[in-house]
There are 2 protein chains.
Amino acid sequence: MMESTAGQLVLGLLLLAVAALAFIAGLFLLVWLPLVVPQPHRRTPRRGRARIRATARTARDTIATRLRRWPVTATLTQVVGHPARMVVLGFGAAVLLGSVLLALPFATGSGQAAPVMTAVFTATSAVCVTGLVVVDTGTYWSTFGELVILLLIQIGGFGIMTLASLLGLLVARRLRMRLQLGTQAETKALGVGEVRRVILNVLRITVVVEVLIAAVLTWRFADGYGHGWGRATYLGVFHSVSAFNNAGFGLYPDSLMRFVGDPLICLPIVTAIIIGGLGFPVLFELRREWRTPQRWSLHTKITMGMTGILLAGGWLAIGLAEWTNPKTLGPLGVADRLLAGLVTAVMPRTAGFNSLDIAGMHDFTLLMHDVLMFIGGGSASTAGGIKVTTFAVLGFVILAEIRGEPSVHALGRKLPAGVQRQALTIALLGVAAIAASTLALLVLTPFALDVVLFETVSAFATVGLSTGITAQVGTAGHVILSLLMFIGRLGPITAVTALALRERTRRYERPEERPVVG
Amino acid sequence: MMESTAGQLVLGLLLLAVAALAFIAGLFLLVWLPLVVPQPHRRTPRRGRARIRATARTARDTIATRLRRWPVTATLTQVVGHPARMVVLGFGAAVLLGSVLLALPFATGSGQAAPVMTAVFTATSAVCVTGLVVVDTGTYWSTFGELVILLLIQIGGFGIMTLASLLGLLVARRLRMRLQLGTQAETKALGVGEVRRVILNVLRITVVVEVLIAAVLTWRFADGYGHGWGRATYLGVFHSVSAFNNAGFGLYPDSLMRFVGDPLICLPIVTAIIIGGLGFPVLFELRREWRTPQRWSLHTKITMGMTGILLAGGWLAIGLAEWTNPKTLGPLGVADRLLAGLVTAVMPRTAGFNSLDIAGMHDFTLLMHDVLMFIGGGSASTAGGIKVTTFAVLGFVILAEIRGEPSVHALGRKLPAGVQRQALTIALLGVAAIAASTLALLVLTPFALDVVLFETVSAFATVGLSTGITAQVGTAGHVILSLLMFIGRLGPITAVTALALRERTRRYERPEERPVVG
Ligand SMILES: [K+]
Ligand SMILES: [K+]
């Protein structure tokens, strides 16, 4: 990191604040407003705090209604129309905003404006919480630039968790209404209480986890590596936010490789990543019912089970494959090998830090990475990929088919046909996106299949790991990877929302439960 | 090819004849017998040929009934049980027989017995009509060895066409009966007339195509390359049989590379491959109705359409990618480039000859090969892969899902849910088999992902193309590739039969039609 002048920094932070406010206002207009419907007012209480609250509620509903009728908002809402499209627009706006800020001269350490494609690529990578970089984050960007990236990561991670959760609620609501009414009932609205509850709870979980992890990391950076408390706090906060949001941006050019044997850096980061990758619906349920797994919803059971299986399996497979590799685990002691193996198993799902050299890994390990990255993490989480539930649903379909059962069951529940088809669609469209971009990059660049496939899967699943070719794939390659990150981040969730909202009513033979896929 | 002594050759041919007879008898007992049910006899005609025929029919039914009650046969039938299992057993027996014959000392040109794994691998490759080789066919084996390989190819190709067609009939019959009776009706028998019709028609198509193509090739080998008529006939027959059965075994160490610019060699071979890869159900229908495509069944329409699309697309993509590659198309004239491009587009589906150097191809072209090989050819054909109909069904499912349609339609027909799930199962189990064996080979061998993936896809889809590493993957690698060829050849057809036979009755809203998948 090179220092900006004090004046530049102040100007920059002001700009950042204005931008953040503008962005939040825009999101509010586009996303929150159409979701809010005035709730039937109870009788206005006579006095005290209740009265103030009631008045505030009335005022808010009035503002919302007025705003909704305001021509600008009304037009925008109509243009945007489908809730899934709003999410795409919101993320597009965030990328645009980030690109503009990162293209400012004082966003770089050198004081020269970054090339447009560098700014766009970095902004996309940050908003989509991917972590692929074409320039070294810690040395290329100024403090202002790094704060922009941090803001974009937080917007991206928070945005995907809340929006995916809200869309999931909307889908569940609509399907429930159709079932009850037996019609193609249409409703676009969520109760204001629900929206607030989701936003506040996501915020609460985010703040609690990020602050706790940042505190541990700050202490370790200060105590163990001799940084001053200011710098240590900056490092701690940056890595904590980046980890919880599964972003994979770091301030060291070698990611976490210098900390390969330090559990006090590695384990807090791994913890933040795993929590961030479970997804809000799971975290919300776990907080209430972590002691009674038998009462968990199907979605939580599948997500927790798959997370455990993929972590344990990845740890074992990668550990065994790399155990004696002189470029990775070979030179380390046994305890460090176990720690580095765990970190390496966690990162492809889909955090994107690395404490071992990816380019030095065995081809077997790279392909294991491809598989783990493609599967990804939990739905409505900061992790990417097709999501563990999508993968599990496909597994249950095949299991049922092999057993010759006419309908598909998972852990004692029947999976609706719609979910099966959505899982298939998401997985195969993911394969198609990766295949197409891999073919394109093979034509455009001199690199071989193994590293190109690693790069495209990493971009699609918003992982951010790389064998080191990201900077060298050329402008066309950067455009392809940017699109792939954007598609990978928003494709599954918007696709499943669009698909599910159009699903027709079906007859049910047994009680059904719908895990969130995508 | 090195010459065996005359005595060895005579002994060998005698052995071959005995083995072929034993094998046919075994197949007859295992496969034909349980499929035959005596038909109700009409009144015995008084005289003439009709009387002789009726007597023969009675005699045959009596023999079949007796044989079926014979303890050995009855036990075998009971052990084997499921028709799909019979197919596996039949192919296993053919591989065993071929391995024994190829392990005989005079099967090699040197007169020293081949190592067991070489014999087993070559026999598996021939029976599964794959064409992967660990030794050069033309120089390593004696004439006897080559004839064994030719016999195994013919058994494998003929076997898969007839058995897949018969299993397809059985499945269609059983589903029709269930629909009519509304019950889980069980019947294991096909009419003797149907079985005979399928076998005779497959035989007729095989003989006609192979003889015609062999004639053209023989003339070209004699007239254009100065071979004597005996040698030319041998070369013509071998390449014709190998091409029609999509086997990919050749007698030249460079496959067809020396004939890259000779349309009179390339085009007959390409024709035989395409015809062989359409599958018996399509060929049978085309012979009757080639002039009226609008009356074709859904299966034929999809197979013909996908074949056209994949050939044209592959030709275009591979041609463009390799146009200036100095190791492949670059040095050729324009006409030769077009011819070689066509040949290269045909071969991955799934013939396995090559007229260009695979190892010299661009990584883009290799990945295109992987995709084309995985998709493969037509059902109940000599081609491998998951089959074009399987691929198309998955495409139609995604299309329906994207359009928000509650049921899946293809070309005006509804696709039953069972077929959708079977297509998904076949495709994903294929991916799993390839992923597992690729991971294993990456651990066991020093080769990189691109060539290993090419090898495993080639084995699974019974293609037989290679970047040249087949001989160097070690014994464990050879075992894996052999298993993969066997699974790839029999997995899809037996899986779909087993799955479909267990499928329950469903209610139908619109007229349905069932394409054969797998
Ligand atoms: K990431
Ligand atoms: K082949």
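Summary of values
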| read-out | value |
| --- | --- |
| Label distances, nm, B:G226 versus same residue in remaining copies, Cβ-directed 7 Å point | 8.2 |
| Computed lengthening from A:R287 to A:L444, 0.36 nm per intervening residue step minus Cα-Cα distance | 51.7 nm |
| Highest-first arrangement of B:116-129, A:415-428, where packing means the average Cβ count within 10 Å | B:116-129, A:415-428 |
| Karplus (6.51, -1.76, 1.60) ³J(HN,Hα), θ = phi - 60°, over the range B:421-436, in Hz, Gly and Pro reported as x | 5, 5, 4, 4, 4, 4, 5, 6, 5, x, 4, 5, 4, 5, 4, 4 |
| Geometric extent, Cα atoms of the range B:275-405 - Rg, Dmax (angstrom) | 16.3, 51 |
| Where chymotrypsin sites (Phe, Trp or Tyr not before Pro) fall in DSSP loop in the range A:276-331, at most 16 other Cβ within 10 Å | A:W290, A:W323 |
| Amide H contacts of A:K414 (H built 1.01 Å from N, under 5 Å, at least 5 apart or other chain) | A:E513 |
| Ascending list, in nanometres, of distances separating the B:I63 label from those of the other copies (7 Å, Cα toward Cβ) | 9.4 |
| Ranking of A:I273, B:I493 by count of other Cβ atoms within 10 Å, fewest first | B:I493, A:I273 |
| Shape call, the range B:404-497: gyration tensor on alpha carbons, a/c limit 1.5 | prolate |
| Amide H contacts of B:S381 (H built 1.01 Å from N, under 5 Å, at least 5 apart or other chain) | B:F280 |
| Per-copy distances of the B:D254 label point, shortest first, in nm (7 angstrom along Cα→Cβ) | 4.9 |
| Too-long pairs where the Cα-Cα distance tops 25 Å, listed order kept, from A:K301/A:K414; B:K301/B:K387; B:K301/B:K414; A:K414/B:K301; B:K387/B:K414 | A:K414/B:K301 |
| Per-residue Cβ neighbour rank within 10 angstrom, fewest leading, B:T137, B:T344 | B:T137, B:T344 |
| Other protein chain Cβ atoms within 10 Å, averaged over every residue that makes up B:355-364 | 2 |
| Average other protein chain Cβ within 10 Å of Cβ, residues B:416-429 | 4 |
| Packing-based ranking, highest mean first, of A:327-335, A:98-106 given that Cβ atoms within 10 Å are counted | A:98-106, A:327-335 |
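Coordinate-derived values only; no laboratory data. Since the structure is predicted, the reported quantities are computational estimates derived from the model, not experimental observations. Every residue, glycine among them, receives a Cβ derived from its backbone with ideal geometry; neighbour counts consider all protein chains shown.
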